[in-house]
Amino acid sequence: MKPWEANFRNVTPYVPGEQPKQTGVIKLNTNENPYGPSPAVKKALEDFDTERLRLYPDPASQVLVDALAKRYGLGTDQVFVGVGSDDVLAMSFLTFFNSGKPILFPDISYSFYSVWAELYRIPYERPALDETFRIRKEDYYKENGGVIFPNPNAPTSLALGLAEVEDIVAHNQKSVVIVDEAYIDFGGESALGLLSRYENLLVVQTFSKSRSMAGLRIGYAMGAPALIRALNDVKYSFNSYTMNQTSLVLGTAALEDEAYFRETVGKIRATRERAKERLSDLGFVCPEPSANFIFAGRPGTDAKALFDALREKNIYVRHFDGPRIGDYLRITIGTDEQMERLFEFLENYL
Ligand SMILES: *Cc1c(COP(=O)(O)O)cnc(C)c1O
């Protein structure tokens with residue numbers, strides 16, 4: 001080892017789902033939206049004047065912040081935008097979790113949380129979900145340096161009721177509670193309505209799933225002005241221009257097409273409900289899904305072997321190693337045709 005290598009920041013990075021190079025894959029492994037973004041986004045891209053790329057983008061991302069504030073009925077000082085919600089969440093860890101006390105998040109949850117905690121050297125504890133994969137709200141009542149959980153949870157797809165979310169926020173008046181609502185448009189109740197009563201709540205959402213713009217990288221946080229100001233101070237101390245000009249323009253265009261958003265989210269929810277029935281007919285069990293994916297396991301069927309067999313046939317789903325979750329597959333909801341191909345395979349395989 002070279003002497004300077006002892007001073008490297010050693011981190012074990014997050015491992016994203018596979019992005020296959022070949023065509024013809026039925027890609028149900030990274031919770032992307034099977035429908036394209038709104039036609040309004042296509043139009044805005046065609047109309048985009050590349051001359052604008054000569055200049056730095058607006059560091060305040062004002063057009064997008066304003067459009068989001070309008071969409072959610074908030075003040076423009078209550079919205080922060082970033083390069084996907086991963087950027088927004090990483091920035092939030094850096095901004096809010098500095099007490100030295102352990103932050104809390106569920107043992108089965110978005111695996112990026114522990115990566116950021118390690119990166120920033122934030123101590124953490126992971127209360128276990130109960131045997132039905134539910135978050136036990138009482139586990140979050142103890143002294144802590146912050147709380148974060150996804151709702152609906154990933155990779156379980158299970159939503160926590162708004163009353164329980166509120167209980168967690170209310171019991172943590174001394175720390176910031178972040179609700180990661182990456183999947184909230186597909187089910188469950190948003191915590192946004194609680195913002196008027198809790199200054200310690202931050203709600204984080206993304207354009208990647210319900211708005212079908214994972215490739216553009218747009219995420220946002222909503223909360224009390226003091227939280228948003230603190231996030232911006234950290235952002236401006238790091239990189240003033242996180243949001244590129246095209247993201248600002250195309251993201252704003254997407255927000256203007258509420259009808260398309262509702263239509264595609266509605267289709268995915270309908271496909272999910274049919275998929276849930278089909279999987280159940282095939283002997284699978286799953287926590288009640290509220291996101292654009294189903295977390296399904298089949299007693300007596302080896303999940304890893306099934307994952308490999310599916311992959312062999314170019315049907316990609318996600319399998320996570322580990323106690324309890326190793327018996328399940330996380331299956332993203334695709335189009336009806338894609339799901340049909342999955343079910344045909346499963347009928348033969350089983
Ligand atoms: C997909 C996802 C994100 C991040 O998505 P971005 O593409 O970075 O916006 C954040 N949290 C959870 C739970 C997710 O599943």
Fill in: Rounded accessible area per residue of segment 258-306, 1.4 Å, Å²
45 Å²
Practice prompt. Among Tyr56, Tyr260, Tyr241, determine the one that fluctuates most according to a GNM of the chain built with springs between C-alpha atoms less than 10 Å apart.
Written response: Tyr56
Practice prompt. Find which of Gly322, Ala259, Thr301 sits farthest along the positive direction of the dipole of segment 250-326, computed with +1 on the beta-carbon of Lys and Arg, -1 on that of Asp and Glu, about the Cα centre.
Written response: Thr301
Fill in: Neighbour cut-off at most 12 other Cβ (10 Å), DSSP loop, chymotrypsin sites (Phe, Trp or Tyr not before Pro), segment 5-103
Phe8
Worksheet entry | Nearest-10 value in Å² for the accessible area of Ile228, using the 1.4 Å probe | 10 Å²
Worksheet entry | Choice from Pro106, Pro152, Pro127 with maximal GNM fluctuation in the chain (Cα, 10 Å cutoff) | Pro127
Practice prompt. Sticking with the crude label model, points 7 Å out along Cα→Cβ, report the distance from Leu350 to Thr132 in nm, one decimal please.
Written response: 2.2 nm
Discussion item. Suppose we keep just the DSSP beta bridges with both residues in the chain; what percent of those would be antiparallel, to 5?
Written reply: 55 percent
Worksheet entry | Kirkwood Rh and Cα Rg combined as Rg over Rh, evaluated for segment 83-200 | 0.92
Worksheet item: Cβ under 12 Å from Tyr14's Cβ, Tyr14 left aside: what net charge do those residues give with Lys, Arg +1 and Asp, Glu -1?
Response: -2
Item to complete: State the antiparallel share, in %, of DSSP beta bridges confined to segment 105-253, rounding to the nearest 5.
Response: 40 percent
Worksheet, complete the sentence: Lys and Arg at +1, Asp and Glu at -1: neighbours of Gln245 with Cβ under 12 Å from its Cβ sum to -1
Discussion item. With the alpha-carbon atoms as the only input, what is the per residue convex hull volume for the chain in Å³?
Written reply: 164 Å³
Discussion item. List the pairs from Lys42/Lys313; Lys27/Lys276; Lys21/Lys235; Lys70/Lys267; Lys209/Lys267; Lys27/Lys304 whose alpha-carbon separation is above 23 Å, in the order I gave them.
Written reply: Lys42/Lys313; Lys21/Lys235; Lys70/Lys267
Discussion item. Could you tell me how many cubic angstrom of Cα convex hull volume segment 232-347 has per residue?
Written reply: 177 Å³
Item to complete: Would you kindly give the portion of the calculated P(r) for segment 176-225 that falls above 11 Å, as a percent of all Cα pairs?
Response: 66 percent
Worksheet entry | Spin-label model distance (nm) - Leu45 vs Val25, 7 Å beyond Cα toward Cβ | 2.0 nm
Worksheet entry | Under 19 Å from Lys174, Cα to Cα: aspartates and glutamates that are on another chain or at least 8 residues apart | Glu125, Glu138, Asp139, Glu143, Glu164, Glu166, Glu199
Practice prompt. With +1 on each Lys and Arg Cβ and -1 on each Asp and Glu Cβ, and nothing else charged, work out how big the dipole of the chain is about its Cα centre, in Debye to the nearest 20.
Written response: 520 debye
Worksheet item: Got a number for carbon plus sulfur as a percent of segment 55-182's accessible area, 1.4 Å probe?
Response: 51 percent
Item to complete: For an R0 of 56 angstrom, estimate the FRET efficiency from the Cβ-Cβ distance between Val234 and Ala259 and round to the nearest 0.05.
Response: 0.95
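The values are calculated or read from the model by the stated rules, or taken from the named source; none is laboratory data. The structure presented is a predicted model; accordingly, all values stated were derived computationally and were not measured. Reconstructed Cβ throughout: ideal geometry from the backbone, glycine too, with neighbour counts over all protein chains shown. Side chains are part of the model used for accessible areas, which takes the heavy atoms of the whole protein and leaves out ligands, DNA and RNA. Shrake-Rupley method; radii C 1.70, N 1.55, O 1.52, S 1.80 Å.
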